[in-house]
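Before any comments, here is the structure.
We did not get these values from a lab; they are worked out from the coordinates using the rules stated. A quick note: this is a predicted structure, and the numbers were derived from the prediction, not measured. For neighbour counting, all protein chains shown are included, and Cβ atoms are generated from backbone atoms with ideal geometry for every residue, glycine included.
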Amino acid sequence: MNEQTQIPNDLDSLWMPFTASRWFKSNPRMIGSAEGIHYQTVDGHQVIDGTGGLWCCNAGHNHPRIVAAIQAQAATLDFAHCFNQGHAIAFQAASRLTELAPGFDHVFLTNSGSEAVDTALKIALAYHAANGEGQRRLLVGRQKAYHGINFGGLSVGGIGLNRGQFGTLYPSTAHMRHTLLPENACSRGQPETGADLAEDLAGIIETHGGHTIAAVIVEPVAGAGGVFPPPVGYLERLRELCDQHGILLILDEVITGFGRMGTAFASQHFGVTPDLFTVAKGLTNATVPMGGVFTTAKVREAFLNGPEKMPDLFHGYTYSGHPLACAAAIATLDVYRDEGVFENAAKLAPVWEDMLHALADAPRVIDIRNAGILGAIQLEQDGAVGDAGRAMYEKLWDMGLSIRPIGDSLAMSPPLTLSADDIGRIGDLLSRGLNA
Ligand SMILES: Cc1ncc(COP(=O)(O)O)c(C=O)c1O
């Protein structure tokens, strides 16, 4: 790397994640720095980060308090592991986290959302085994679900392109249908119809026997599958069926956690309480990788009846509770609290909704979806699936707005520190881009 120009020496050594590398290299978008809701490219182009990194920079970029906390921690305790030994900051981070989630007294720390999901699925399987119900092995996911890219998360995920290269995965899964219904196009927030799709779980229970099912996992608002909020009553019905059959409900809050819906967690916004939930991303404002699984006391306590000198869960990562991540997490939670970041999201959610839905008549728009400070504008297909989305992504980038194309949907999840004026600027760019 040439530090003067920030131009890399070659583009070949790095195998980029989820990237069409030949397309990327034909016109590399190279980011040099970031501040607040903006990126600056190496050639001086300023872009609004309309996706908050990848749904993760909830407090905006390069927040000075978070930067300072990471720097100070690196100079004090760079690393210590947590296998049969501890360091204070890991415990402090965990108790700050559980304070945000009444009813969830415990959190297992990981390094990413994918690890959080796999951890939650393993906890669910091991929980039933600890309770003498080792026959509960089936994990239920949903079409279009994204739960990361590790084997467990892929197995319950429902995006064919992500699974297709990898074969059988975890063998004991079933999937419900997704809830993205054409008749709900352009609903504001939660669509009114579609709760009956939760009856797919009743069907799976009928087919497999409720006593064989360990857990059901869903994103409260589907994200990477296209951004769609749950139909009114849908999550409630899943909760009811899980309760009736002793099945654990896992909400994957990797995107929706830490204020995206205007509350700390989406479960609080929707009023549906899971048994476990996963987080990552906004947990450290994306500054240092970290994820986690929150559990109720009921789940945790099932693990405390074994031999005292044996691990109660044979699972953990070298970097579970990494000191730098813990310092970043605590500073991030301080910023969220002191700067009213969740409250800002709650206040601006209606402004965000109005801005998006004002674009309903723009050319080629066939659906608009929103929840909290999340949104997607779906375009009519033009050529192959994804061509229209990619073309609009390139156009908007050049105009100064970064969005994430998911097929032909333009997904957005800007930092929650944005203002009403920023929403106006995003709306203006979208409108000009779509009408161009
Ligand atoms: C709902 C959900 N779960 C899990 C993940 C995986 O997180 P990570 O990329 O940190 O592994 C993501 C990533 O976007 C996600 O949206």
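In summary, no aspartates and glutamates lie within cross-link reach of K309, defined as a Cα separation below 13 angstrom excluding same-chain residues under 8 places away.
Full extension of the chain between Q165 and A74 yields a length gain of 28.8 nm, computed as 0.36 nm times the residue separation minus the alpha carbon distance. Each principal axis of the Cα cloud of the stretch 272-320 was evaluated for its coordinate range; sorted largest first, these ranges are 38, 33, 10 Å.
When a/c reaches 1.5 or more, the comparison of a/b and b/c decides; with that in mind, is the stretch 93-242 rounded, prolate or oblate per its Cα gyration tensor? Verdict is rounded for the stretch 93-242. Sorting the segments 47-57, 156-166 by their mean number of nearby beta carbons within 10 angstrom, highest to lowest, gives 47-57, 156-166. Here is the result for the stretch 344-381: no trypsin sites (Lys or Arg not before Pro) lie in DSSP coil with at most 13 other C-beta atoms within 10 angstrom of their C-beta. When a/c reaches 1.5 or more, the comparison of a/b and b/c decides; with that in mind, is the chain rounded, prolate or oblate per its Cα gyration tensor? Here the chain falls in the oblate category. Taking square-rooted eigenvalues a ≥ b ≥ c of the alpha carbon gyration tensor, is the stretch 155-207 rounded, prolate or oblate, where a/c under 1.5 means rounded and, failing that, a/b exceeding b/c means prolate? Taking the square roots of the gyration eigenvalues as a ≥ b ≥ c, the stretch 155-207 is oblate. The mean of 1/r over all pairs of different alpha-carbon atoms in the stretch 37-137, once inverted, gives a Kirkwood hydrodynamic radius of 17.5 Å. Only the Cβ atoms of Lys and Arg (+1) and of Asp and Glu (-1) were treated as charged; on that basis the dipole of the chain about its Cα centre amounts to roughly 560 debye.
Each DSSP beta bridge with both residues in the chain is either parallel or antiparallel, and the antiparallel ones are about 65%.
Taking a straight Cα-Cα cut-off under 23 Å and skipping sequence neighbours fewer than 8 places away in the same chain, the lysines within cross-link reach of K25 are K395.
Think of the stretch 68-338 as having a plus end and a minus end, set by charges on the Cβ of Lys, Arg, Asp and Glu; of V140, S155, S187, S155 sits farthest toward the positive end of this dipole. Restricting the stretch 274-360 to chymotrypsin sites (Phe, Trp or Tyr not before Pro) that sit in a DSSP loop and have at most 13 other Cβ atoms within 10 Å of their own Cβ leaves F314. In the chain, taking the dipole from charged Cβ atoms about the Cα centre, the farthest positive-side position among M355, N344, L235 is held by L235. In a DSSP loop and with at most 16 other Cβ atoms within 10 Å, the chymotrypsin sites (Phe, Trp or Tyr not before Pro) in the stretch 56-161 are F79, F83. For K298, the aspartates and glutamates whose Cα falls under 14 Å of its own Cα, not counting residues fewer than eight places away in the same chain, are D105, D243, D275.
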